[in-house]
Amino acid sequence: MRFFTAALLMLLYGSVNAQTIYSKDYGSSQNPAIIFIHGGPAGNSNLFEGTTAQVLADRGFYVIAYDRRGEGRSKDEAATMTFKESFVDLLGIYNKYHLKKAIILAHSFGGIIATLFVQQYPDKVNAFILAGALFSQQETYDHILKSAKTYFKNDTTKMAEIAAIEQLGRNTADYRKRCYEIAGKMNFFNMPNPTENSKSLREAFEKSIFYTTNVKNHESPVKFYKNEAANNVDNQPVLKTIRKKGIPIYAVYGQDDGIFSVAQLSNLKNIVGKNNFQLIGNCSHYLFADQQGAFLQFMEQMLRR
């Protein structure tokens, strides 16, 4: 039975990746492999790939970026956007690049997918890095709305908007979308004080092919919430289980990433261990572009141990 399941998965993800999954590798395959898991649903790997993938590879890693089926450059109208489908795609990346094990680097919603993947396939993971990654979704939404009530306390229109969001079903695409929209209105995703390096990175990205192909499938969240029952999860217990299995977990976050509360990040620090956790100052959600130097330093320090 196990052989049959493995053979079926090989057939599925070999076929799927040959047809629909965009991916690209950077650096020498002789170096430690890092697979980047992008955010979403409706995300892609363009910003990471266009700013950081090659630079990280130049530090002695074999870096692989890809877009999940139905997202970004992996166009597929038949994609279901479920976790199971995401696992099949990720297994396909292992197969395509002949990897037995890899370091998983997860950003934003990619953290939810990656955590569940590491739980299910621990033998395929050397280490796991949460980089501005979601891990307790409802806590994030609650924090956003609580912050918005303070931020917009004198704006009756915005307060009515917040009240309307709170009336929505928590397990819906609209609830998620509107929470993040109001987070954006509070500049929760913006670097407080852009540096010359961060501005240069963004400008170079906007002149690159990665910017012109920076497409988003806005139907992805709708499909995800329609097809995936586990659409609002708390992965903190899962992370504790992963750590007990002996898989190193590292976490690096922007100190100014407003979608996470102080309490959330404190809990995460306790889970992964204080020596495996770092907050980067003057840094928001896209830490590999906001503070690339500090991000790369963290990666090297953790993974060269």
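Percentage of Cα-Cα pair distances in region 161-291 greater than 23 Å, rounded to whole percent?
52 percent
Whole Å is fine, so just give me how far the alpha carbon centre of region 124-199 lies from that of region 29-81.
Region 124-199 and region 29-81 have Cα centres separated by 23 Å.
With P(r) over Cα pairs in 10 Å bins from 0, in percent as the read-out, I listed (1) 6, 27, 37, 24, 5, 1, 0; (2) 5, 25, 33, 24, 10, 3, 0; (3) 6, 31, 39, 21, 2; which label goes with the value calculated from this structure?
Among (1) 6, 27, 37, 24, 5, 1, 0; (2) 5, 25, 33, 24, 10, 3, 0; (3) 6, 31, 39, 21, 2, the one calculated here is (1).
If each of residue 208 and residue 142 carries a label point 7 Å out from its Cα toward its Cβ, how far apart are those two points in nm?
3.8 nm
If you only keep lysine pairs separated by 8 or more in sequence, or across chains, how many in region 159-305 come under 25 Å at the Cα atoms?
16
List the GluC sites (Glu not before Pro) within region 48-114 that DSSP assigns to loop and that have no more than 16 neighbouring Cβ atoms inside 10 Å.
Hits after loop and neighbour filter: 77.
Return the aspartates and glutamates within reach of residue 149: Cα separation strictly under 12 angstrom, same-chain partners fewer than 8 residues apart disregarded; answer none if there are no such residues.
Once the sequence-local aspartates and glutamates are set aside, what remains near residue 149 is 161, 166.
For residue 78 and residue 154 in the same chain, what is the full-extension length gain: residue separation times 0.36 nm, less their Cα-Cα distance, in nm?
22.8 nm
Where q = 0.22, 0.29, 0.31 Å⁻¹, what log10 of I(q)/I(0) comes from the Debye formula for region 147-200, counting one point per Cα?
-0.82, -1.15, -1.23
Could you derive backbone 3J(HN,Hα) for region 84-89 from the dihedral phi with the Karplus parameters 6.51, -1.76 and 1.60 (θ = phi - 60°), listing whole Hz in sequence and x where the residue is Gly or Pro?
With the stated coefficients, region 84-89 comes to 4, 5, 4, 5, 4, 5 Hz.
For region 76-152, which trypsin sites (Lys or Arg not before Pro) are both in a DSSP coil and crowded by at most 16 other Cβ atoms within 10 Å?
For trypsin sites (Lys or Arg not before Pro) across region 76-152 that sit outside H, G, I, E and B with at most 16 neighbouring Cβ atoms in 10 Å, the list reads 100, 101.
Kindly put 123, 58 in sequence by how many other C-beta atoms sit within 10 Å of each C-beta, fewest to most.
123, 58
From the helices alone, meaning DSSP H stretches of at least four residues, give me the mean residue ellipticity at 222 nm for the chain, per-run term -39500 (n - 2.57), in deg cm²/dmol to the nearest 500.
The helix contribution divided over the chain gives -14000 deg cm²/dmol.
Fewest Cβ neighbours within 10 Å first, please rank 28, 45 accordingly.
Lowest to highest Cβ neighbour count: 28, 45.
Only the coordinates and a few stated rules stand behind these numbers; no lab work does. Please read these numbers as outputs of a predicted model, since none were measured by experiment. No Cβ is skipped: glycine too gets one built from the backbone with ideal geometry, and neighbour counts run over all protein chains shown.
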